[in-house]
Amino acid sequence: MSSVSIILRKDKVNKKGEYPIHFRIIKYRKVNYISSGFSTLESNWDEKNKRIKARGSDSKETASRINAQISKRFSEIQQEVISLETSNRNVSIKTIKDKVIGKKSMDFFEFANSVTESYLTDSKIGTYSKTKGIIEKLKKYDSSLSFIDITPKFLTAYEAYLRTKLNNSTNTIHTNLKFIRTVFNKAFQQDIIELSSSPFLKFKMKTEKVQRDYLTEDELKIFAEVDTQGNLKLELHQDMFVFAAYSGGLRISDILQLQWIHFDDSHINFTIKKTGSQISIKIPNIALNIIEKYNLTQSEKTSYIFPMLPEDTYLRDAIGQDKAISSATAVINKNLKTLAKLAKIEKNISFHISRHTWATRALRKGMSIDKVSKLMGHSAIKETQIYAKIVNSELDKAMDIFND
């Protein structure tokens, strides 16, 4: 429970040498102050009774009036605090103060939008777009939410709604709930809520392992040799996929934005879009043959190596670039499925499969996991260990021949 008291703020003083009289609220060792609107000299303050002393007939009436107003306001604040904590004992001290002074507390969506806008400021356009979608989805479920409304019971019901009404997968649901948890964590960091009021302390989010498809050496060879029958778009997307499968498993967003200025005849040198880290990758011979194929038709250093994006994309703002990349990615993934069908590969092919393919091939060929992690631009080696588990699983299956 919070404690409320009347104090003379001796750490503050005005030009007249007077100290302000404040109401102090303490909760969980956190302190907040609310001004009474009055101040007085230290010599006129009765510390024991928390009142202004009356000196003389004129000041007696004034002191009595001020003390009455302070006493009334003190009682109102106490009642407000009791009421708030009766409905939610974990209500934050900031919320208490805002309520007492009549300031409207920031609701969940208002704060969630501020979190999303910070992603835009940091040029994390993909995250910005994704979280905007998550907020809109939640608004359709309940358009008016405060932090207090989001309880473990609410999250359980919302999880069921996402699964049964929207047919979201377990991992999609996890992504939605994870952002809601992020909003709570940031609200706590800014003293908007208490950590103990987070519903995620009692609500467990679920995930399920995803099958990471990749192409074997034979499948990659077949895919690379598929006859595109003169379809230049299919051939371009085929080349991009194979290039990535040989060149560090570059993400589609990076492949699309590679310009000739990033190529020095042997290495690709650029900044990874997702992480912002710089990387230099030596290009293997098969990938060099692909890149030279397009060098014949390009002249400008700012031209894209693989001509998919409009030439002025790099001049656009972050949102404009993201839209162009998303549009191109959708077209590429559609054509990759066509190529997989022509190659008679019964796997759900997308461009990201080239990344999985490179990682598993690199580990099989003996590349150390730390080098694989570095070339893939992973922020932590645990991200790369997923591929190591795939390779180890294959070795385990190979050992089963001794059980026959």
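The values are calculated or read from the model by the stated rules, or taken from the named source; none is laboratory data. None of the values given here were measured: they were computed from a predicted structure. Every residue, glycine as well, gets a Cβ built from its backbone with ideal geometry; the counts of neighbours run over all protein chains shown.
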Fill in the blank from the handout: The residue from Arg29, Arg9, Arg24 that alone is out of contact with any Pro (no Cβ under 9 Å at 6 or more places or on another chain) and surrounded by 11 or more Cβ atoms within 10 Å (Cβ to Cβ) is Arg24
Problem - Members of segment 38-62 found to be at pLDDT 85 or above and either aliphatic (A, V, I, L, M) or surrounded by 12 or more Cβ atoms within 10 Å (Cβ to Cβ) (or both), listed by number - result: Phe38, Ser39, Thr40, Leu41, Glu42, Asn44, Trp45, Asp46, Lys50, Arg51, Ile52, Lys53
Problem - Odd one out for Ser123 among (1) outside any helix (DSSP H, G or I); (2) surrounded by 15 or more Cβ atoms within 10 Å (Cβ to Cβ); (3) of a type outside the set (Phe, Trp, Tyr); (4) at negative phi - result: (4)
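Of Leu232, Leu309, which residue is outside the structural domain of His174 (by TED's automatic domain parsing) and closer than 30 Å to Glu117 by Cβ?
Result of the check over Leu232, Leu309: Leu309.
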Practice task
Check whether at least one residue in segment 306-325 is farther than 30 Å from Ser129 by Cβ, modelled with pLDDT under 85 and small (Gly, Ala, Ser), and report yes or no.
Solution key: no
Practice task
Starting from residues that are touching a helix residue (DSSP H, G or I) at 6+ places or on another chain (Cβ under 9 Å) and of a type in the set (A, V, I, L, M), keep the ones in segment 216-234 and report whichever is nearest to Thr360 (Cα to Cα).
Solution key: Leu220
Handout entry: Lys139 being surrounded by 15 or more Cβ atoms within 10 Å (Cβ to Cβ), in the same structural domain as Ile180 (by TED's automatic domain parsing) and either within 25 Å of the chain's Cα centre (by Cα) or at pLDDT 90 or above (or both)
Key = no
Exercise for the section: Inspect all residues belonging to segment 242-258 and state whether any of them is over 19 Å from Ser327 (Cβ atoms), in contact with a His (Cβ under 8 Å, 6 or more places away or on another chain) and charged (D, E, K, R). Expected result: no
Exercise for the section: Go through the residues of segment 342-350 one by one and say whether even a single one is in the same structural domain as Lys221 (by TED's automatic domain parsing), at positive phi and not in a helix (DSSP H, G or I). Expected result: yes
Fill in the blank from the handout: Residue count, segment 351-381, condition assigned to a loop (DSSP other than H, G, I, E, B) and either small (Gly, Ala, Ser) or surrounded by 13 or more Cβ atoms within 10 Å (Cβ to Cβ) (or both), comes to 8
Practice task
Being of a type in the set (Ser, Thr, Tyr) and at pLDDT below 95 is the filter; apply it to segment 142-169 and report the residue that is nearest to Glu208 (Cα to Cα).
Solution key: Ser169
Problem - Selection within segment 72-99 - surrounded by 13 or more Cβ atoms within 10 Å (Cβ to Cβ), of a type in the set (S, T, N, Q) and within 19 Å of Phe23 (Cβ to Cβ) - result: Gln78, Ser92, Thr95
Practice task
Quickly run through segment 161-186 and pick out the residues that are within 22 Å of Phe108 (Cα to Cα) and of a type in the set (Lys, Arg).
Solution key: Lys178, Arg181, Lys186
Handout entry: Some residue of segment 50-63 being touching a residue at least 40 places away in the same chain (Cβ under 8 Å) and on the phi > 0 side of the Ramachandran plot
Key = yes
Handout entry: Among the candidates Thr170, Thr156, Thr164, Thr151, residue that is outside the structural domain of Ser87 (by TED's automatic domain parsing), over 30 Å from Asp317 (Cα atoms) and touching a Lys or Arg at 6+ places or on another chain (Cβ under 6 Å)
Key = Thr170
Practice task
Quick one: which residue in Tyr128, Tyr158 is under 22 Å from the mean Cα position of the chain (by Cα), aromatic (Phe, Trp, Tyr) and either part of a loop (DSSP other than H, G, I, E, B) or under 15 Å from Phe108 (Cβ atoms) (or both)?
Solution key: Tyr158
Fill in the blank from the handout: Apart from one, (1) assigned to a loop (DSSP other than H, G, I, E, B); (2) surrounded by fewer than 21 Cβ atoms within 10 Å (Cβ to Cβ); (3) at pLDDT 90 or above all hold for Gln298; the odd one out is (3)
Fill in the blank from the handout: The residue that is farthest from the chain's Cα centre (by Cα), considering only those in segment 12-59 that are within 30 Å of Ser196 (Cα to Cα) and part of a loop (DSSP other than H, G, I, E, B), is Arg29
Completion exercise
Output for Cβ contacts, cut-off 6 Å, separation at least six or different chains, first residue at positive phi in segment 210-234, second assigned to a loop (DSSP other than H, G, I, E, B) and β-branched (Val, Ile, Thr), reads none
